[in-house]
Structure formats: C-alpha cells, structure tokens
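The values are calculated or read from the model by the stated rules, or taken from the named source; none is laboratory data. If you're wondering where the values come from, they're calculated on a predicted model, not measured in any experiment. We place every Cβ from the backbone using ideal geometry, glycine too, and count neighbours over all the protein chains shown.
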C-alpha cells in the first residue's frame with residue numbers, strides 16, 4: 001500500500017508539504033498545480049512552485065515530490081514537462097480533476113473530462129516529450145456533470161501513456177460534497193492496466209476501511225483528511241498492519257503549527273502568511289478543539305508579530321518521522 005499527499009491549491013505549499021511529510025506515513029507528494037497556457041513556462045516559475053527540486057525533488061523529510069501541471073494545450077504542456085524534467089522533476093503529473101470555476105473556464109482541470117480524445121492527445125504529447133525513464137501520471141474525477149464518460153476518460157489517460165491514475169471519486173458538479181462514489185474507482189480499475197489510487201472523502205481510518213471495501217483499491221491519496229489530521233497516514237498504515245498506534249495529541253499538533261508558521265513567514269510575503277495559517281487552523285479544528293479556539297483568537301489579526309506571539313514563537317520539537 002502507498003499513501004500519497006494530494007495537492008491543494010493555496011494551502012499545500014512547500015511549508016505544509018514539509019510539515020506533513022515530517023510526521024511520516026506519506027510515500028510521495030505533489031506540487032500545487034502549475035498552470036500552463038499557450039507558452040512555455042520559464043524555469044523560474046517551475047522552481048518557484050516546486051522549490052524542492054533544489055533538494056533532489058524531495059521534501060526536507062526526504063519524501064519524493066512530483067511536479068503537477070494543468071492546462072489544455074498539448075504542445076506547451078509537453079514542452080514545459082520536458083523542461084521540468086531537465087530541472088530535476090522525477091515524475092510529471094497532469095491535473096484533470098480541479099473543479100474550480102476559474103480553472104474550468106480557461107479549459108483546465110475537470111472540464112477536460114468532457115473531451116476524452118483531448119486527454120489522450122495531451123498524455124501522448126507529454127509522454128513523448130518526457131524521457132522514457134520518467135513516469136507520467138494523471139489525476140481525474142469521475143466526470144464533469146455526470147459519469148457517462150468516466151471509463152472513456154480513464155482509458156484515454158492510460159492509453160495515452162499515464163503510468164498511474166489517481167481517481168477523485170466525485171464529478172466536478174459534486175465538488176467536495178459527500179459522498180464520494182468509491183464504487184467508480186473499482187469500475188475504472190477494471191478497464192485500465194495501470195495502478196489506480198483512490199481519493200476523496202477519507203477523513204479517518206473508518207473511512208479508509210469503507211473505501212477499501214467498496215473500491216478494492218490498494219493505494220490511496222489523502223487530501224483534506226490529512227490536512228485536518230496530520231498523522232492520518234500513520235493511523236491508516238498501522239491499521240492495515242494491525243499495529244497499535246497512539247494518535248498525535250494537541251501539544252504535538254501545536255508544534256507542527258508553529259513550524260508551519262515560521263516557514264510561512266520566511267517563505268512568503270508577510271501579507272500572505274496569516275491567511276495560510278488561519279486556513280490550516282480551520283481545517284485542524286475538525287479534529288482538535290484547541291485549533292478551533294486558536295483560530296477564533298487570531299482570526300482578526302494580520303500583524304505577523306502579534307500572530308507570532310499568539311502561536312507561541314519558537315518552534316517546539318517535532319514528532320519523529322516514521
């Protein structure tokens with residue numbers, strides 16, 4: 001079983017990838033999507049969104065990083081993917097799952113699930129442009145407005161050269177509303193010969209057990225569930241192997257928050273750092289009442305010095321990575 005950390009635009013940046021992979025249990029992670037339009041992206045844009053390339057495409061904890069692109073122009077996606085490989089990307093991932101309206105209006109993400117032929121063309125172009133030793137993978141949803149073309153899209157991706165497919169088990173229209181339709185992961189796995197990862201609505205070990213039973217999946221990508229419960233991957237791995245595991249408690253989670261805050265202050269313009277901190281605290285509040293209380297205390301603050309005092313200043317010792 002492999003467990004991957006999903007990209008979440010505007011949240012799962014280098015700082016959060018670092019913190020979450022330090023906790024352990026994550027086999028690989030992905031950059032936030034890098035949008036490619038009608039021109040080759042310059043190298044500095046790729047390095048900006050994938051700074052781990054300077055460390056051998058690994059987080060500080062040593063977790064491998066894949067570089068994800070989003071767009072609809074096969075030639076510029078192919079050129080940009082080839083450049084990313086020259087910069088050190090070990091895997092190229094293509095996003096056909098983003099449901100955001102602004103992304104879909106510009107013909108990116110899930111809207112392309114209405115055009116299986118274009119999916120195949122994009123995969124083929126990128127596969128041909130990327131060195132043979134570097135895998136090309138893809139993420140999809142089970143449809144745009146409905147699931148009528150889900151199997152065709154999966155076949156198009158696999159036949160085009162995708163060596164692995166992550167399936168978010170909802171349509172674009174579903175957004176992030178429960179439930180996730182995990183039965184479609186099994187249906188897709190039946191029609192392609194590449195590994196299929198299950199994604200969507202896995203918030204707990206109990207959810208993972210249900211997903212495994214319904215989807216038959218061996219591998220999983222965790223998104224919001226891992227952001228809200230940083231050791232969810234460790235909990236799932238322990239459950240799968242039948243080991244006892246004591247979940248992280250709030251003092252350990254707070255040390256993660258403190259590290260994240262310090263990294264945000266050093267990596268981002270200060271004007272953006274408070275928003276990232278509050279966003280993560282809000283997600284953590286699903287599982288840790290103390291996180292919700294801290295969010296309430298600091299949600300009106302924008303001054304980084306005041307936030308620094310509130311969060312606790314100096315970083316505490318992190319849990320050891322597994």
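So here's what we get for this one:
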| read-out | value |
| --- | --- |
| Residue count for the stretch 181-203, restricted to those that are out of contact with any helix residue (DSSP H, G or I) (no Cβ under 7 Å at 6 or more places or on another chain), in contact (Cβ under 8 Å) with a residue 12 or more places away in the chain and surrounded by fewer than 17 Cβ atoms within 10 Å (Cβ to Cβ) | 1 |
| Failed item in (1) within 27 Å of residue 14 (Cα to Cα); (2) part of a helix (DSSP H, G or I); (3) within 20 Å of the chain's Cα centre (by Cα), with residue 185 passing the rest | (1) |
| Count of the stretch 158-180 residues which are more than 19 Å from the chain's Cα centre (by Cα) and buried (at least 20 other Cβ atoms within 10 Å of the Cβ) | 3 |
| Flag for residue 137 being out of contact with any helix residue (DSSP H, G or I) (no Cβ under 6 Å at 6 or more places or on another chain) and either under 17 Å from residue 92 (Cβ atoms) or buried (at least 21 other Cβ atoms within 10 Å of the Cβ) (or both) | yes |
| Residues that are more than 19 Å from the chain's Cα centre (by Cα), surrounded by 19 or more Cβ atoms within 10 Å (Cβ to Cβ) and either at positive phi or modelled with pLDDT of 95 or more (or both), drawn from the stretch 270-290 | 287, 288 |
| Among (1) modelled with pLDDT under 95; (2) closer than 22 Å to residue 259 by Cα - the single one residue 39 does not satisfy | (2) |
| Residue match in the stretch 130-141 (condition: part of a helix (DSSP H, G or I) and closer than 24 Å to residue 37 by Cα) | no |
